[in-house]
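Student: One structure is given below, represented as structure tokens, and several questions about it will come after.
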Amino acid sequence: MLNLIRALCPYPTITEEGILSDGYQLAQSRDCQKCSKKECVHAYTAISESPIYYTNCPKGFSLVRLSFPVGKVLLNSILIAGSNNQCSPSFRKAHKAHKIHLLDVHKWYELIPRILPDVGKYAEEKAKELILGLHDVSTAVSLVTRNAEVIISRLDGSTDEEKIENATPSLKALLKSVELLRTRLSMSSILANPQSASFGQKHPTPIYKIFHRMVRLFEELAAKRHVNIKMTGSSHAKPNCFNSFETIPLVLIDNAVKYSLQDQTVSVIIHDKNQSSVKVAVQSNGPVIPAENQQNIFERGFRTAAAERFSSQGSGLGLYIADIVAKAHGFSIQYKCFGVTQVTHCGWNEFSFEI
């Protein structure tokens, strides 16, 4: 959502990571583009009770931090008319094109809450059109999957898992890639139409086997991030689930790997509560979700500032989709954190559910 606000901003902005963006009316100055220190980002952490906070950067530009319900946006590379009097006349003259009026900033700030819902709705409709256009891609992936299954059937082994183990490394990688693409496309269908999470008939589903398969799909990606994935426990129960259920292990393991510190282990813990009920927990060590944000984690597009700093990847849609699927199955996904260090604000994150 913050990216959408920045896209609607007429003035230049800078993220907490020091990434510059032009406004649709005013571009970044050359001075800001060449600046390597990006000290202006310290304005993000300045203490102020006002939703609009003003200060100056060391170079002399004005900085305006705007607080929205979804986070903060920092305007940079601007000169507020009537301020920055400590700057030399030559500096103000050289950057006169970047002079703006504070009243205009206030008007834009007050306008955003009124137009954002409509803009978000329009963007959502366009996204749905794009997702529905992936139908042909999904058909092509299904064709590749069927051909891959034919290749697997010709390999040595009495079961599919044994046959895959006997495949060449390149064929294994291809099979995993196709399977991962297929499951991600199914997420797109749920995003376009949340009701599709409950399409089809429920059928007995081996929860442990589905999580094990998903762990296998993410092993190589985890290794590249210097993260290990370990499964513990056992489960023989097969609760009735829709086909959409596989989205949940995909999202939870993907997030755990994505937001795990290096040289740490992502743990997938599964055990039966009884013959028809399974308890699952996915744990990872990384930046935790602050208490004030925990009620928002299943909202569409929500990402914490820590998550954005830790990983540029991510859209804030995974947990939103997983929550839709969980509700379609009559349960909820719980979050808790523990072992948090005050210095790094990292600790153990756990997402769990019982089905």
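Student: Of the residues Leu191, Leu221, only one is within 30 Å of the chain's Cα centre (by Cα) and under 18 Å from Ala326 (Cα atoms); which?
Tutor: On the way: Leu221 fails: under 18 Å from Ala326 (Cα atoms).
On inspection, the qualifying residue turns out to be Leu191.
Student: For the stretch 167-181, indicate whether the set of residues that are assigned to a loop (DSSP other than H, G, I, E, B), at negative phi and of a type in the set (Ser, Thr, Tyr) is non-empty.
Tutor: Yes, some residue in the stretch 167-181 is assigned to a loop (DSSP other than H, G, I, E, B), at negative phi and of a type in the set (Ser, Thr, Tyr).
Student: Which pairs do you get when a residue that is assigned to a helix (DSSP H, G or I), found in the stretch 17-34, comes within reach of a residue that is surrounded by 12 or more Cβ atoms within 10 Å (Cβ to Cβ) and β-branched (Val, Ile, Thr), reach meaning Cβ atoms under 8 angstrom, with the pair 6+ apart or on two chains?
Tutor: Listed pairs, sorted by first residue: Cys32/Ile14.
Student: While we're here: From the list Thr205, Thr265, which one is among the hydroxyl-bearing types (Ser, Thr, Tyr) and closer than 24 Å to Cys337 by Cα?
Tutor: Result of the check over Thr205, Thr265: Thr265.
Student: Do we find that Ser188 is closer than 18 Å to Asp254 by Cα, surrounded by 18 or more Cβ atoms within 10 Å (Cβ to Cβ) and in the same structural domain as Asp160 (by TED's automatic domain parsing) in this structure?
Tutor: For Ser188, the condition - closer than 18 Å to Asp254 by Cα, surrounded by 18 or more Cβ atoms within 10 Å (Cβ to Cβ) and in the same structural domain as Asp160 (by TED's automatic domain parsing) - is met.
Student: Within the stretch 218-252, track down each residue that is part of a strand (DSSP E or B) and either over 30 Å from Asn274 (Cβ atoms) or touching a His at 6+ places or on another chain (Cβ under 9 Å) (or both). It would help to see each step written out before you state the result.
Tutor: Within the stretch 218-252, the first condition is being part of a strand (DSSP E or B), and the residues that meet it are 227-234, 240-241.
Once the filter is applied, which keeps residues that are part of a strand (DSSP E or B) and either over 30 Å from Asn274 (Cβ atoms) or touching a His at 6+ places or on another chain (Cβ under 9 Å) (or both), the stretch 218-252 yields Val227, Asn228, Met231, Thr232, Gly233, Ser234, Asn240, Cys241.
Student: Just the residues that are charged (D, E, K, R) and closer than 16 Å to Ser352 by Cβ, please, taken from the stretch 279-304.
Tutor: The one that is charged (D, E, K, R) and closer than 16 Å to Ser352 by Cβ: Lys279.
Rundown of residues vs (1) surrounded by fewer than 18 Cβ atoms within 10 Å (Cβ to Cβ); (2) assigned to a loop (DSSP other than H, G, I, E, B); (3) in contact with a Cys (Cβ under 8 Å, 6 or more places away or on another chain), yes/no style:
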position: Asp254; (1), (2), (3): no, no, no
position: Val257; (1), (2), (3): no, no, no
position: Ile269; (1), (2), (3): yes, no, no
position: Asp272; (1), (2), (3): yes, no, no
position: Val280; (1), (2), (3): no, no, no
position: Ser284; (1), (2), (3): no, no, no
position: Glu299; (1), (2), (3): yes, yes, no
position: Ala306; (1), (2), (3): no, no, no
position: Arg309; (1), (2), (3): yes, no, no
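Student: All but one of (1) at pLDDT 90 or above; (2) touching an Asp or Glu at 6+ places or on another chain (Cβ under 9 Å) hold for Gly71, so report the exception by its number.
Tutor: Result: Gly71 fails condition (1) only.
Student: What's the number of the condition Lys209 fails, among (1) crowded, with 16+ Cβ neighbours inside 10 Å; (2) at pLDDT 90 or above; (3) within 20 Å of Leu181 (Cα to Cα)?
Tutor: Evaluating Lys209 over (1) crowded, with 16+ Cβ neighbours inside 10 Å; (2) at pLDDT 90 or above; (3) within 20 Å of Leu181 (Cα to Cα) leaves (1) as the failure.
Student: Among the candidates Ser29, Ser21, which residue alone is touching a helix residue (DSSP H, G or I) at 6+ places or on another chain (Cβ under 9 Å) and within 19 Å of Glu308 (Cβ to Cβ)?
Tutor: Result: Ser21 is the single residue among Ser29, Ser21 that is touching a helix residue (DSSP H, G or I) at 6+ places or on another chain (Cβ under 9 Å) and within 19 Å of Glu308 (Cβ to Cβ).
The values are calculated or read from the model by the stated rules, or taken from the named source; none is laboratory data. Predicted model, so just to flag it, every value in this text is computed and none were measured. Cβ atoms come from the backbone with ideal geometry, glycine included; neighbour counts cover every protein chain shown.
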